[in-house]
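Inspection log for the structure reproduced underneath, given as structure tokens.
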Amino acid sequence: MNIFKKIIICSLSSALLLTFAGCGKWLDKEPTEILLDDQVWNDPKLAEFALANLYNRLQPFGGLEGGKLSPTDVDEAMWSGGLGGNNGRNTRVNYPYTDKQYWDYGLVRDVTLFLEKLEASTVMDEEDKIQLLAEGRFIRAYIYFFFVRSMGGVPLILKTYQYNGPDDVAGMIEPRSTEAGIYDFIANELDAIKDQLPQTEKSQTRANKWTALALKSQAMLYAASIAKYNNLMTDPIQTANGEVGIPANRAQGYYEQSLAASKEIIEQGPFSLYNQNPDKAQNFYELFTKKTGNPEVIWALDYTLDGKYHNFTVENIPRSLRENASGSAGVTPSLNIVEAFDYLDGSPGTLQTQTDDGADYIYYDHLEDIFAGKDYRMAGSIITPGSTFRGQPIIIQAGVMVWNAETKKYITETSATLDTKYDDGDYLVGPDGPLPNMANVTNTGFYSRKYLDSREGSGQGGQGSDVWWIRFRLGEILLNATEAAYELGFEQEALGYINQLRERAGFGPNSLQTLNMDMIRKEFQVELAFEEHRYWDLKRWRLSHVVFDGNRQSPNTLVYALWPYRIVRPDDPTKNNKYVFIKRVAPRFTQPRNFRLGNYYSTIPQNAINANPLLVKNPYH
Amino acid sequence: MQRAMNKLTYLLLVIICLSACAVDNYDPPSSTFNGQLVYEGQPIQIRQGISVLQLYQPGYENQNPIAVNVKQDGSFSSTLFDGTYKLVRVAGNGPWENNPDSITVDVHGTTTIDVPVVPFFSISDVSFEIKDDVLIAQCKIKKNVESRQLEKVSLFFNKTTLVDHTTLFVTAPTATKNAAQISEGAIIELQQDLTGYSNNPYLFARIGVKAVGHPEYIYSVVWKVR
């Protein structure tokens with residue numbers, strides 16, 4: 001019945017439309033619901049709206065929204081949330097070749113349109129125009145950085161095309177640029193616009209001179225390390241025409257460019273390391289959550305509770321604190337990353353769970369005692385058993401171990417329910433887990449703290465959190481400077497940078513006297529944990545296939561967990577009610593990570609290759 | 001009533017859509033394309049799941065490759081439409097020398113081909129033996145590609161018939177000899193005490209040879225320990 005009605009309505013309305021078709025004037029009316037080109041590009045305010053749209057689309061992988069699972073791509077974390085699709089991250093046999101694929105030429109076109117329209121605008125103030133154009137070019141350079149780190153060299157498209165039929169296609173297809181060519185384009189663009197952008201950091205969310213330098217510092221470091229480490233491989237990953245792979249002799253120049261950009265920020269920039277709270281762990285946490293007067297942040301993706309908020313806290317908050325009916329405990333840090341944080345006395349960060357001869361457990365008075373003396377950044381980045389969040393202690397306890405005097409062995413007792421008490425009235429399983437198979441309870445014995453909002457209400461689905469996502473911060477620039485300086489042979493200079501960071505983390509002044517690449521890489525790992533750096537860092541050092549070699553017995557292919565147990569042994573007061581810890585593979589994490597050589601560069605989408613025969617495939621695909 | 005009518009209408013629509021166009025209806029592919037990776041006539045054993053072969057069918061607008069899954073014994077089998085295909089050995093993924101030449105394959109009915117590759121090393125004279133709960137595995141290796149250096153020879157175990165360096169169970173033993181302990185052409189012996197593994201009712205073993213710088217091993221046949 002309905003269908004007939006619809007048909008009638010359709011035909012009637014087409015008839016109605018046809019009657020109007022003759023009246024040219026009626027159709028020439030200015031629309032009231034969309035803005036026209038001249039209106040937008042002649043008004044700086046409206047042009048800024050177009051720019052805001054572009055800024056908002058610059059977060060393809062990491063971040064607090066769609067990309068918030070990025071730590072589960074590496075040995076930093078695993079997924080402990082719902083048992084649906086995301087659980088596949090714990091069980092995947094290989095990284096797919098499409099992983100981190102980036103081919104957003106729609107965005108490139110929008111940026112190019114922005115630049116072309118703005119360039120053509122005659123009414124806009126010259127000053128506004130120069131700044132907006134420079135910002136647009138900065139965004140374009142940043143997009144090409146996404147391209148090159150995922151795909152290698154891509155077609156460099158700097159103008160828009162109009163399609164007027166199939167004959168035009170031949171003139172539109174572009175081959176891939178070389179990988180070095182894209183990095184050079186980024187460097188040249190940033191050099192060209194650096195002085196056209198605002199010279200002070202009026203805003204920490206829009207491009208200025210310092211964001212341009214920060215991008216240059218990072219991009220040049222990536223280019224340099226690919227030039228160096230790719231060519232140290234037995235089979236360097238490259239294509240015949242350099243779409244993938246950078247010649248080794250370019251490394252030095254790129255390191256120099258990176259170091260120069262970093263130094264300009266460090267020496268002339270208005271930034272300083274965040275150091276406002278004498279409690280060093282809390283200080284490191286506040287670095288990410290305090291938005292006003294934060295001197296370390298160079299560029300961030302901001303959120304506001306007036307409509308633009310994210311659900312990072314909803315998804316990752318510890319189970320006992322959750323404010324939403326679903327969610328919580330999504331991305332849970334691994335024991336691997338916890339142990340990567342060294343002790344403040346400089347010794348390696350391995351947690352001590354057994355006596356030296358392995359005969360007995362080590363008994364700790366409190367849950368948190370096992371972490372005593374660790375780098376404060378660990379407590380600032382991760383919620384560990386017995387630590388507090390929002391003023392509430394987070395009790396993570398997997399069960400009890402009851403002493404059997406006859407067999408002289410412990411019997412482990414546990415429960416499938418959270419927040420249960422044992423016969424002695426004390427906890428059996430803590431309110432925050434861990435449990436082996438339950439969704440939304442930590443599987444590793446840890447919860448995320450970095451970027452987790454401590455404001456009450458931020459864990460509610462309808463409200464969310466307005467903590468921002470930091471894209472560039474001074475700490476990262478200091479690390480970039482450390483690496484570049486070290487690679488160029490300036491070890492003393494490199495030590496100066498890295499020791500500043502370590503001092504803020506709680507180590508003494510000049511805590512390192514000598515340096516090697518492993519130490520620098522460790523510092524990148526712990527300082528920038530959960531900030532979507534490790535995946536790309538391992539890749540540019542060409543270490544991904546070594547660290548994630550698919551072998552279950554390698555140290556970091558599996559996600560490890562730390563499960564605390566309470567001892568029930570009333571006849572021995574030195575042990576009764578103390579805590580012991582067991583290291584194990586996280587039960588929901590079943591497949592060792594296997595990064596294949598073909599994962600260093602993602603697949604070019606097949607529809608792009610079909611449409612453009614000039615595109616060569618990436619190696620191994 | 002209206003609901004029933006609606007359902008009927010949809011049903012009719014579906015039937016019309018399905019039945020109208022005889023042109024679009026064609027039989028599913030039925031020709032089988034079988035093959036085997038070989039070197040000097042001997043089958044090559046690999047880790048199951050690596051992407052080493054792709055088929056292209058030239059003459060069409062789109063160039064989407066068809067991945068050919070190769071089993072751990074080096075054999076493969078695909079069901080295809082009749083036609084002429086190009087078989088490509090994907091560069092770099094297998095532990096053998098790159099060969100950019102494609103192989104033209106005419107598929108008509110059941111087609112069987114050998115795909116020659118030159119592995120960095122080849123394994124021969126493989127033998128397994130259990131003495132006093134110690135597995136003794138022996139083999140000889142031969143270098144086929146001059147530029148490649150030997151890294152190690154390992155004896156891998158698993159609880160299933162799929163045995164390679166990634167499927168190991170957590171406590172699986174691995175006996176390894178590094179290049180320095182190995183002389184080419186001589187018999188290489190690897191030993192593994194299995195006393196601690198009596199609670200594994202099934203156990204399979206396989207020898208793997210790794211070249212420096214390439215992540216994949218070249219394997220021997222799988223041997224059933226028990």
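Contact order for segment B:31-116, expressed relative to its length and based on alpha carbon pairs under 8 Å spaced 6+ residues apart, stands at 39 percent.
The dipole here belongs to segment A:67-194: it is taken about the Cα centre, uses +1 on the Cβ of Lys and Arg and -1 on the Cβ of Asp and Glu, and is about 540 debye. Both radii were evaluated on the Cα set of segment A:189-284; the Rg over Rh quotient, with Rh as the Kirkwood radius, amounts to 1.12. If R0 equals 56 Å, the separation of the Cβ atoms of A:GLU286 and B:ILE130 corresponds to a calculated FRET efficiency of about 0.35.
Evaluate the distance, in nm, between pseudo-label points positioned 7 Å from the Cα of A:GLN268 and of A:GLU256 along their respective Cα→Cβ axes. Distance between the two pseudo-spin positions: 1.8 nm.
Across segment A:75-191, Cα pairs under 8 Å and at least six residues apart give a relative contact order of 25 percent. Considering only C-alpha atoms, what is the centroid distance from segment A:552-621 to segment B:172-194, in Å? About 29 Å separates the Cα centre of segment A:552-621 from the one of segment B:172-194. Ranking A:GLY63, A:PHE271, A:PRO385 by how far each Cα lies toward the positive end of the dipole of the protein assembly as shown (charges on Cβ) leaves A:PRO385 at the top. For chain A, find the longest principal axis of its Cα atoms and tell me its angle to the long axis of helix A:179-193, 0 to 90°, nearest 10. Compared with the principal axis, the helix lies near 70 degrees. A:GLU30 to A:ASP167: FRET efficiency via 1/(1 + (r/R0)^6), r the Cβ-Cβ distance, R0 35 Å, to the nearest 0.05? In this case the efficiency is close to 0.55. For A:LYS421, the lysines whose Cα comes closer than 30 Å to its Cα, not counting residues fewer than 8 places off in the same chain, are A:LYS408, A:LYS409, A:LYS575, A:LYS578, A:LYS583.
To the nearest ten degrees, helix A:491-504 and the longest principal axis of the Cα atoms of chain A are 70 degrees apart. Computed from Cα positions, the angle between helix B:2-20 and the longest principal axis of chain B comes to roughly 70 degrees.
Between A:VAL331, A:GLN354, A:ALA372, the Cα set farthest toward the positive side of the dipole of segment A:327-375 (charges on each charged residue's Cβ, about the Cα centre) is that of A:VAL331. Phi-derived couplings, Karplus 6.51 cos²θ - 1.76 cosθ + 1.60 at θ = phi - 60°, listed residue by residue for segment B:175-189: 9, 9, 10, 7, 3, 5, 8, 10, 10, 5, x, 7, 6, 9, 10 Hz, with x used for Gly and Pro.
Extending 7 Å from Cα along the Cβ direction at A:THR514 and again at B:ASN69 yields two label points whose distance is 5.2 nm. Rg of the Cα atoms in chain A, relative to 2.2 N^0.38 Å, amounts to 1.09.
Measuring nothing but how far apart in sequence close Cα pairs (under 8 Å, 6+ apart) lie, relative to its length, chain A scores a relative contact order of 18 percent.
List the trypsin sites (Lys or Arg not before Pro) within segment B:114-196 that DSSP assigns to loop and that have no more than 11 neighbouring Cβ atoms inside 10 Å. Listed in order of number, the matching sites amount to none.
Taking the Cα centre of segment B:31-116 as reference, the dipole from Cβ charges on Lys and Arg (+1) and Asp and Glu (-1) amounts to some 240 debye.
Which FRET efficiency value, to the nearest 0.05, do you get for A:SER554 and A:ASN610 by plugging their Cβ-Cβ distance into 1/(1 + (r/R0)^6) with R0 = 35 Å? Efficiency for this residue pair is about 0.35. Only Lys, Arg, Asp and Glu carry charge here, each on its Cβ (+1 for the first two, -1 for the last two); on that basis chain A has a dipole of about 1380 debye about its Cα centre. Placing a label point 7 Å from the Cα of A:SER203 along the Cα-to-Cβ direction, the residues of segment A:33-71 whose backbone N falls under 16 Å from that point are A:43-58.
Of the GluC sites (Glu not before Pro) found in segment A:356-413, those that fall in a DSSP loop while having at most 10 other beta-carbon atoms within 10 Å are A:GLU406.
Throughout, read-outs are computed from the coordinates displayed, never taken from laboratory work. Worth saying up front: this structure is predicted, and the values here are computed from it rather than measured. Reconstructed Cβ throughout: ideal geometry from the backbone, glycine too, with neighbour counts over all protein chains shown.
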